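Before any comments, here is the structure.
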Amino acid sequence: MQNTFIDGLSRRSFLAAAGAVAGMATMPAWAASSSPVRRFDLAAAPGATHLIDSDGTKTNVWSYNGRVPGPEIRVRQGERLRVAVRNGLAEETTVHWHGLRVPNAMDGVPHLTQKPIAPGETFIYEFEAPDAGTYWYHPHQRSSEQIGRGLYGPLIIEEPNPPKVDRDVTWVLDDWRLLKTAQISDDFGNRHDMSHAGRIGNTVTVNGRITDVFEARAGERIRLRLINAANARVFGLEFEGHSP
Ligand SMILES: [Cu+2]
């Protein structure tokens, strides 16, 4: 088919087309684009948050912008993101854009696609959002501990014509291994977990909180986006009396 196509072109227009492709290849992918740029700032740092209840003891976490989950990044399909990630942790980090087709240098894999972001440093990620969907961002540096301490957030890419709904809701699910003091158990990467397919926690949260009730109006049409940020837990959700 390809040959037929080339045969159908005059030699001159074929060369012009080939030249245009070669010219683009010398530029980074985003430089060739005219999509609008959306800017975001993420600061990874230690903090404390109420996982259990709003009056109780705060849990010491590592988080983006002081929140668990980190701020929702929401763009339209085809837009360019420029995300400045500041590392306020005492150790190196990176950000990986889970599920997104990004240029290799933006993929956040330390020592492979980038130098890890040192404490106190900022790294600018820039890429286009080629596909609509529900994604999330998280470190790719010592991931099990950095994610396990709360570093993750939702990344929503809206399609041009989304389904008609009354509400678009994101649930980021996680399970934490908490001590009686409400603090995170330090035993990351222990041999038992490693040999049993991961770290299962004892406290499940939805959007960083133990949730009792999610209110919905009768007949309401909800688009529910689910993100599993847990290290090893598989969630089997039941919607009693509803038809998801
Ligand atoms: Cu991931």
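Bear in mind that the values in this text are calculations on the coordinates, not laboratory data. Fair warning: this is a prediction, and the values are worked out from it, not measured in the lab. Note: ideal-geometry Cβ built from the backbone for every residue, glycine included; neighbour counts use all protein chains shown.
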- Query: Which value in deg cm²/dmol, rounded to the nearest 500, describes the helix-derived mean residue ellipticity at 222 nm for the chain, given -39,500 (n - 2.57) per DSSP H run of n ≥ 4 and division by the residue count?
  - Reply: -3500 deg cm²/dmol
- Task: Take the Cα of residue 233, step 7 Å along the line toward its Cβ, and report every residue of segment 203-219 whose backbone nitrogen sits under 12 Å from that point.
- Result: 203-211
- Message: Please give me, ordered by residue number, the trypsin sites (Lys or Arg not before Pro) of segment 35-141 that lie in loop per DSSP and have at most 16 other Cβ atoms within 10 Å.
- Response: 58, 101
- Item | Most fluctuating residue given options 148, 78, 99, as computed from a GNM of the chain linking Cα atoms under 10 Å | 99
- Item | Extended-chain gain in nm, criterion 0.36 nm per residue less alpha-carbon gap, residue 214 and residue 226 | 2.9 nm
- Task: Would you look at the GNM of the chain, springs on alpha carbons closer than 10 Å, and say which of 230, 216, 132 moves the most?
- Result: 216
- Counting only DSSP beta bridges with both residues in segment 33-228, what percent are antiparallel, rounded to the nearest 5? 60
- Output ³J(HN,Hα) for segment 206-216: one whole-Hz value per residue in order, computed from phi by the Karplus curve 6.51 cos²θ - 1.76 cosθ + 1.60 with θ = phi - 60°, and x for Gly and Pro. 10, 6, x, 8, 6, 9, 8, 9, 10, 8, 9
- Message: For segment 188-211 and segment 225-242, what is the centre-to-centre distance using only Cα atoms, to the nearest Å?
- Response: 14
- Note on the structure: Any residue on another chain or 5+ positions along whose placed amide H is under 5 Å from the amide H of residue 59 is listed here as 49, 50, 51
- Built amide H within the under 5 Å cut-off of residue 225, gap 5+: 169, 170, 171
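Order of 193-199, 105-111 by packing, highest average Cβ count within 10 Å first?
Highest mean packing first, the order is 105-111, 193-199.
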- Task: Could you calculate the contour length gain from residue 180 to residue 124, that is, 0.36 nm times the residue separation minus the distance between their Cα atoms, to one decimal place in nm?
- Result: 16.3 nm
